[in-house]
Amino acid sequence: MNDDWTIPQDWAHFTPQDHGVWDTLFARQAAMLPGRASQAFLDGLDVLHLSKPGIPDFAELSERLMALTGWTVVAVPGLVPDDVFFTHLANRRFPAGNFIRRPDQLDYIQEPDVFHDVFGHVPMLSHPVFADYLQAYGQGGLRSLGFGSLHHLARLYWYTVEFGLIREAEGLRIYGAGIVSSFGESHFALESDSPNRIAYGLERLMQTRYRIDDYQQSYFVVDDYAQLLRSTLDTDFAPLYARLKDLPDLAPADVVATDRVLTLGSQRYALQKTNQ
Ligand code: HBI
Ligand code: FE
(Lines give C-alpha, C1' and ligand atoms only; values in the text may rest on other atoms or scores of the structure.)
(Ligands and ions follow the chains in the order given, each with its own letter.)
Protein backbone atom coordinates (compact mmCIF):
# COMPACT_ATOMS: atom_id res chain seq x y z
CA MET A 1 0.00 0.00 0.00
CA ASN A 2 1.15 3.58 -0.72
CA ASP A 3 1.49 6.36 1.91
CA ASP A 4 -1.84 7.81 0.79
CA TRP A 5 -3.54 4.43 1.35
CA THR A 6 -4.05 3.85 -2.37
CA ILE A 7 -3.51 0.42 -3.89
CA PRO A 8 -3.48 -0.76 -7.50
CA GLN A 9 -7.02 -1.51 -8.65
CA ASP A 10 -5.77 -4.72 -10.31
CA TRP A 11 -8.99 -4.95 -12.32
CA ALA A 12 -8.14 -8.55 -13.31
CA HIS A 13 -8.56 -9.76 -9.70
CA PHE A 14 -12.35 -9.33 -9.84
CA THR A 15 -14.12 -12.64 -10.50
CA PRO A 16 -17.04 -13.23 -12.87
CA GLN A 17 -19.22 -13.35 -9.72
CA ASP A 18 -17.94 -9.86 -8.73
CA HIS A 19 -18.79 -8.42 -12.15
CA GLY A 20 -22.17 -10.14 -11.96
CA VAL A 21 -22.95 -8.40 -8.66
CA TRP A 22 -22.12 -5.03 -10.26
CA ASP A 23 -24.35 -5.81 -13.27
CA THR A 24 -27.25 -6.91 -11.06
CA LEU A 25 -27.05 -3.79 -8.89
CA PHE A 26 -26.54 -1.56 -11.93
CA ALA A 27 -29.58 -2.93 -13.78
CA ARG A 28 -31.80 -2.55 -10.71
CA GLN A 29 -30.78 1.07 -10.04
CA ALA A 30 -30.58 2.19 -13.68
CA ALA A 31 -34.16 1.04 -14.28
CA MET A 32 -35.47 3.05 -11.35
CA LEU A 33 -33.46 6.27 -11.56
CA PRO A 34 -34.95 8.06 -14.61
CA GLY A 35 -37.50 10.42 -13.08
CA ARG A 36 -35.93 9.98 -9.63
CA ALA A 37 -32.24 10.88 -9.92
CA SER A 38 -30.97 14.38 -10.63
CA GLN A 39 -30.30 15.16 -14.29
CA ALA A 40 -26.65 15.77 -13.30
CA PHE A 41 -26.38 12.18 -12.02
CA LEU A 42 -28.07 10.67 -15.10
CA ASP A 43 -25.87 12.71 -17.44
CA GLY A 44 -22.82 11.53 -15.47
CA LEU A 45 -23.74 7.85 -15.90
CA ASP A 46 -24.00 8.50 -19.60
CA VAL A 47 -20.86 10.53 -20.33
CA LEU A 48 -18.73 8.22 -18.16
CA HIS A 49 -20.04 5.12 -20.00
CA LEU A 50 -20.92 3.51 -16.67
CA SER A 51 -23.55 1.28 -18.28
CA LYS A 52 -20.75 -0.82 -19.79
CA PRO A 53 -21.05 -4.31 -18.22
CA GLY A 54 -18.82 -5.17 -15.27
CA ILE A 55 -16.92 -3.26 -12.61
CA PRO A 56 -15.37 -0.20 -14.29
CA ASP A 57 -11.66 -0.05 -14.99
CA PHE A 58 -10.47 2.97 -12.96
CA ALA A 59 -7.80 3.96 -15.51
CA GLU A 60 -10.39 4.29 -18.26
CA LEU A 61 -12.95 5.94 -15.96
CA SER A 62 -10.38 8.41 -14.65
CA GLU A 63 -9.40 9.37 -18.18
CA ARG A 64 -12.97 10.34 -19.03
CA LEU A 65 -13.52 12.10 -15.71
CA MET A 66 -10.21 13.98 -15.92
CA ALA A 67 -11.20 15.35 -19.33
CA LEU A 68 -14.53 16.59 -17.91
CA THR A 69 -13.69 18.03 -14.48
CA GLY A 70 -10.10 17.11 -13.59
CA TRP A 71 -11.06 14.40 -11.08
CA THR A 72 -9.67 10.85 -10.93
CA VAL A 73 -10.77 7.69 -9.12
CA VAL A 74 -8.19 5.84 -7.00
CA ALA A 75 -8.49 2.43 -5.31
CA VAL A 76 -8.31 2.05 -1.52
CA PRO A 77 -8.81 -1.08 0.62
CA GLY A 78 -11.86 0.37 2.47
CA LEU A 79 -12.41 3.21 4.92
CA VAL A 80 -9.31 5.37 5.23
CA PRO A 81 -8.38 7.83 8.03
CA ASP A 82 -10.15 11.20 7.89
CA ASP A 83 -7.05 13.25 7.01
CA VAL A 84 -6.17 10.83 4.20
CA PHE A 85 -9.74 10.97 2.87
CA PHE A 86 -9.84 14.78 2.91
CA THR A 87 -6.40 15.07 1.27
CA HIS A 88 -7.63 12.95 -1.64
CA LEU A 89 -10.76 15.07 -2.10
CA ALA A 90 -8.80 18.33 -1.80
CA ASN A 91 -6.66 17.06 -4.70
CA ARG A 92 -9.65 15.98 -6.79
CA ARG A 93 -9.08 12.26 -6.27
CA PHE A 94 -12.04 10.12 -5.23
CA PRO A 95 -11.03 7.07 -3.15
CA ALA A 96 -13.12 4.01 -4.03
CA GLY A 97 -13.22 0.73 -2.11
CA ASN A 98 -11.50 -1.99 -4.11
CA PHE A 99 -13.96 -4.78 -3.32
CA ILE A 100 -17.60 -5.55 -4.01
CA ARG A 101 -20.34 -6.96 -1.78
CA ARG A 102 -21.31 -10.64 -2.03
CA PRO A 103 -24.45 -11.75 -3.89
CA ASP A 104 -26.20 -12.29 -0.52
CA GLN A 105 -25.49 -8.66 0.51
CA LEU A 106 -27.15 -6.80 -2.36
CA ASP A 107 -29.22 -4.52 -0.14
CA TYR A 108 -26.88 -3.65 2.70
CA ILE A 109 -23.17 -3.52 3.49
CA GLN A 110 -21.37 -1.78 6.32
CA GLU A 111 -18.31 -0.43 4.48
CA PRO A 112 -18.57 1.43 1.19
CA ASP A 113 -17.72 -0.92 -1.70
CA VAL A 114 -16.95 -0.16 -5.33
CA PHE A 115 -20.64 -0.09 -6.25
CA HIS A 116 -21.49 2.55 -3.66
CA ASP A 117 -18.32 4.54 -4.31
CA VAL A 118 -18.29 4.44 -8.11
CA PHE A 119 -21.96 4.13 -9.07
CA GLY A 120 -23.09 6.35 -6.20
CA HIS A 121 -20.44 9.09 -6.10
CA VAL A 122 -18.58 9.28 -9.40
CA PRO A 123 -21.39 10.35 -11.78
CA MET A 124 -21.88 13.60 -9.79
CA LEU A 125 -18.17 14.37 -10.21
CA SER A 126 -18.80 14.94 -13.92
CA HIS A 127 -20.86 18.02 -12.95
CA PRO A 128 -18.44 20.99 -12.83
CA VAL A 129 -20.08 22.77 -9.89
CA PHE A 130 -20.54 19.63 -7.80
CA ALA A 131 -16.94 18.66 -8.63
CA ASP A 132 -15.75 21.98 -7.18
CA TYR A 133 -18.00 21.52 -4.14
CA LEU A 134 -16.47 18.15 -3.23
CA GLN A 135 -12.96 19.55 -3.54
CA ALA A 136 -13.96 22.51 -1.32
CA TYR A 137 -15.38 20.01 1.16
CA GLY A 138 -12.05 18.17 1.27
CA GLN A 139 -10.18 21.43 1.90
CA GLY A 140 -12.70 22.34 4.61
CA GLY A 141 -12.31 18.87 6.09
CA LEU A 142 -8.57 19.32 6.53
CA ARG A 143 -9.17 22.68 8.28
CA SER A 144 -11.91 21.19 10.49
CA LEU A 145 -9.40 18.76 11.99
CA GLY A 146 -7.50 21.76 13.39
CA PHE A 147 -10.68 23.05 15.05
CA GLY A 148 -11.72 19.69 16.48
CA SER A 149 -14.97 20.11 14.55
CA LEU A 150 -14.93 17.11 12.26
CA HIS A 151 -18.20 15.75 13.68
CA HIS A 152 -19.97 18.96 12.67
CA LEU A 153 -18.47 19.04 9.18
CA ALA A 154 -19.17 15.34 8.66
CA ARG A 155 -22.89 16.17 8.93
CA LEU A 156 -22.54 18.40 5.88
CA TYR A 157 -21.13 15.48 3.88
CA TRP A 158 -23.79 13.16 5.17
CA TYR A 159 -26.81 15.35 4.43
CA THR A 160 -25.56 16.54 1.00
CA VAL A 161 -23.03 14.23 -0.69
CA GLU A 162 -24.56 11.06 0.79
CA PHE A 163 -28.26 11.86 1.30
CA GLY A 164 -29.01 15.09 -0.57
CA LEU A 165 -32.15 15.94 -2.53
CA ILE A 166 -32.51 18.68 -5.15
CA ARG A 167 -35.53 20.58 -6.42
CA GLU A 168 -35.46 20.44 -10.24
CA ALA A 169 -37.96 21.90 -12.73
CA GLU A 170 -39.78 18.54 -13.01
CA GLY A 171 -39.86 17.93 -9.25
CA LEU A 172 -37.82 16.59 -6.35
CA ARG A 173 -34.82 14.45 -7.35
CA ILE A 174 -32.09 12.53 -5.52
CA TYR A 175 -28.36 13.17 -5.90
CA GLY A 176 -26.89 11.74 -2.66
CA ALA A 177 -24.73 8.65 -3.24
CA GLY A 178 -26.21 6.79 -0.27
CA ILE A 179 -29.65 7.11 -1.83
CA VAL A 180 -28.90 6.56 -5.53
CA SER A 181 -26.96 3.37 -4.71
CA SER A 182 -29.80 1.99 -2.55
CA PHE A 183 -32.95 0.48 -4.04
CA GLY A 184 -35.00 0.86 -0.85
CA GLU A 185 -33.93 4.39 0.02
CA SER A 186 -34.39 5.68 -3.55
CA HIS A 187 -38.11 4.98 -3.11
CA PHE A 188 -38.27 6.02 0.53
CA ALA A 189 -36.49 9.37 0.14
CA LEU A 190 -38.86 10.59 -2.59
CA GLU A 191 -42.12 8.72 -2.12
CA SER A 192 -42.60 7.93 1.57
CA ASP A 193 -44.69 10.23 3.78
CA SER A 194 -42.43 9.31 6.72
CA PRO A 195 -39.36 11.60 6.44
CA ASN A 196 -39.16 15.40 6.65
CA ARG A 197 -37.91 17.22 3.57
CA ILE A 198 -36.44 20.57 4.60
CA ALA A 199 -34.84 23.38 2.57
CA TYR A 200 -31.03 23.28 2.82
CA GLY A 201 -29.33 25.50 5.37
CA LEU A 202 -25.65 24.98 6.21
CA GLU A 203 -25.75 25.88 9.90
CA ARG A 204 -29.09 24.13 10.47
CA LEU A 205 -27.84 20.91 9.00
CA MET A 206 -24.57 20.99 10.92
CA GLN A 207 -26.58 21.03 14.15
CA THR A 208 -28.38 17.85 13.18
CA ARG A 209 -27.32 14.34 14.20
CA TYR A 210 -27.75 11.57 11.64
CA ARG A 211 -28.50 7.87 11.55
CA ILE A 212 -26.07 5.45 10.03
CA ASP A 213 -28.17 2.34 10.64
CA ASP A 214 -31.40 3.08 8.78
CA TYR A 215 -33.21 5.37 6.34
CA GLN A 216 -32.87 9.07 7.19
CA GLN A 217 -35.63 10.81 9.13
CA SER A 218 -34.96 14.16 7.44
CA TYR A 219 -33.60 15.03 4.01
CA PHE A 220 -32.28 18.48 3.08
CA VAL A 221 -33.18 19.93 -0.32
CA VAL A 222 -31.02 22.29 -2.39
CA ASP A 223 -32.26 24.50 -5.25
CA ASP A 224 -29.11 23.88 -7.29
CA TYR A 225 -25.50 22.79 -6.83
CA ALA A 226 -24.26 26.38 -6.90
CA GLN A 227 -26.09 26.87 -3.59
CA LEU A 228 -23.97 24.10 -2.05
CA LEU A 229 -20.70 25.41 -3.43
CA ARG A 230 -21.49 29.03 -2.57
CA SER A 231 -22.56 28.28 1.01
CA THR A 232 -19.34 26.35 1.56
CA LEU A 233 -17.06 29.00 0.02
CA ASP A 234 -18.86 32.00 1.59
CA THR A 235 -18.98 30.64 5.14
CA ASP A 236 -16.31 31.56 7.64
CA PHE A 237 -16.09 28.21 9.42
CA ALA A 238 -14.07 29.30 12.48
CA PRO A 239 -16.89 31.39 14.05
CA LEU A 240 -19.44 28.84 12.84
CA TYR A 241 -17.66 26.02 14.67
CA ALA A 242 -17.37 28.24 17.76
CA ARG A 243 -21.16 28.83 17.69
CA LEU A 244 -21.94 25.15 17.11
CA LYS A 245 -19.93 24.16 20.19
CA ASP A 246 -22.46 26.07 22.35
CA LEU A 247 -25.59 25.05 20.46
CA PRO A 248 -27.49 21.89 21.37
CA ASP A 249 -27.65 19.19 18.70
CA LEU A 250 -30.92 18.63 16.91
CA ALA A 251 -32.27 15.08 16.65
CA PRO A 252 -32.61 13.63 13.13
CA ALA A 253 -36.39 14.10 13.05
CA ASP A 254 -36.55 17.57 14.67
CA VAL A 255 -38.22 20.46 12.88
CA VAL A 256 -37.55 24.00 14.13
CA ALA A 257 -39.44 27.28 13.70
CA THR A 258 -36.96 28.73 11.19
CA ASP A 259 -37.11 25.70 8.85
CA ARG A 260 -38.63 26.01 5.41
CA VAL A 261 -40.37 22.66 5.45
CA LEU A 262 -41.23 21.17 2.05
CA THR A 263 -42.79 18.03 3.53
CA LEU A 264 -43.50 17.49 7.20
CA GLY A 265 -42.90 13.78 7.77
CA SER A 266 -45.21 11.47 9.70
CA GLN A 267 -42.11 9.56 10.97
CA ARG A 268 -44.35 6.52 10.65
CA TYR A 269 -41.46 4.33 9.47
CA ALA A 270 -39.05 5.26 12.29
CA LEU A 271 -41.77 5.01 14.97
CA GLN A 272 -42.75 1.56 13.78
CA LYS A 273 -39.13 0.45 14.09
CA THR A 274 -38.75 1.74 17.68
CA ASN A 275 -41.94 -0.02 18.73
CA GLN A 276 -40.88 -3.38 17.34
N1 HBI B 1 -12.87 6.55 3.67
N2 HBI B 1 -12.92 5.17 1.82
C3 HBI B 1 -13.50 6.11 2.59
N4 HBI B 1 -14.72 6.61 2.22
C5 HBI B 1 -15.33 7.58 2.98
O6 HBI B 1 -16.44 8.02 2.61
C7 HBI B 1 -14.69 8.05 4.13
C8 HBI B 1 -13.44 7.50 4.46
N9 HBI B 1 -12.80 7.94 5.55
C10 HBI B 1 -13.32 8.97 6.38
C11 HBI B 1 -14.62 9.50 5.97
N12 HBI B 1 -15.24 9.02 4.94
C13 HBI B 1 -15.22 10.61 6.80
O14 HBI B 1 -14.17 11.39 7.27
C15 HBI B 1 -16.16 11.55 6.05
O16 HBI B 1 -17.29 10.88 5.64
C17 HBI B 1 -16.55 12.72 6.90
FE1 FE C 1 -20.29 7.40 0.27
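Observations on the model:
- Loop-resident trypsin sites (Lys or Arg not before Pro) (DSSP state other than H, G, I, E or B) in region 193-241 with no more than 16 further Cβ atoms inside 10 Å of their Cβ: 209, 211.
- Building the convex hull from the alpha-carbon atoms of region 1-153 and averaging its projection over directions returns 9.3 nm².
- What the phi angles of region 188-197 give under the Karplus curve with 6.51, -1.76 and 1.60, with θ = phi - 60°, is a coupling list of 4, 5, 9, 10, 6, 8, 7, x, 6, 10 Hz, glycine and proline written as x.
- Nonlocal amide H pairs with residue 96, under 5 Å, H built at 1.01 Å: 74, 75, 76
- A protection proxy built from the mean count of other Cβ atoms within 10 Å ranks the segments 150-156, 121-127, most packed first, as 121-127, 150-156.
- Rough spin-label spacing in nm, given labels placed 7 Å along Cα→Cβ, for residue 210 and residue 262: 1.6
- Antiparallel DSSP beta bridges within region 11-275, percent to nearest 5: 30
- Of the peptides 69-81, 13-25, 237-249, the order by per-residue mean of other Cβ atoms within 10 Å, starting with the highest, comes out as 69-81, 13-25, 237-249.
- Projected over every direction and averaged, the convex hull enclosing the alpha-carbon atoms of region 3-59 yields 5.1 nm².
- Each 10 Å bin, from zero up to the one with the longest distance, holds this percent of the alpha carbon pairs of the chain: 6, 30, 37, 22, 5, 0.
- Rounded percent of accessible protein surface that carbon and sulfur make up, the chain, 1.4 Å probe: 54
- Square roots of five times the Cα gyration tensor eigenvalues for region 161-224, Å: 16, 16, 10
- With a Förster radius of 22 Å applied to the C-beta separation of residue 230 and residue 84, the computed FRET efficiency comes to 0.20.
- Each of the peptides 2-8, 84-90, 54-60 was scored by the mean count of other Cβ atoms within 10 Å over its residues; in descending order, highest first, they stand as 84-90, 54-60, 2-8.
- Taking every Cα-Cα distance in region 45-128 and sorting them into 5 Å bins from zero, the calculated P(r) comes out as 3, 15, 27, 25, 18, 10, 3, 0 percent.
- Working value for region 194-276: equivalent-ellipsoid semi-axes of 25, 16, 11 Å, each the square root of 5 times a Cα gyration tensor eigenvalue, largest first.
The values are calculated or read from the model by the stated rules, or taken from the named source; none is laboratory data. These numbers were taken from a predicted model, which means no experiment stands behind them. Here Cβ is always computed from backbone atoms with ideal geometry, including for glycine, and neighbour counts include all displayed protein chains. Protein only, heavy atoms only, side chains kept; ligands, DNA and RNA dropped before computing areas. Shrake-Rupley method; radii C 1.70, N 1.55, O 1.52, S 1.80 Å.
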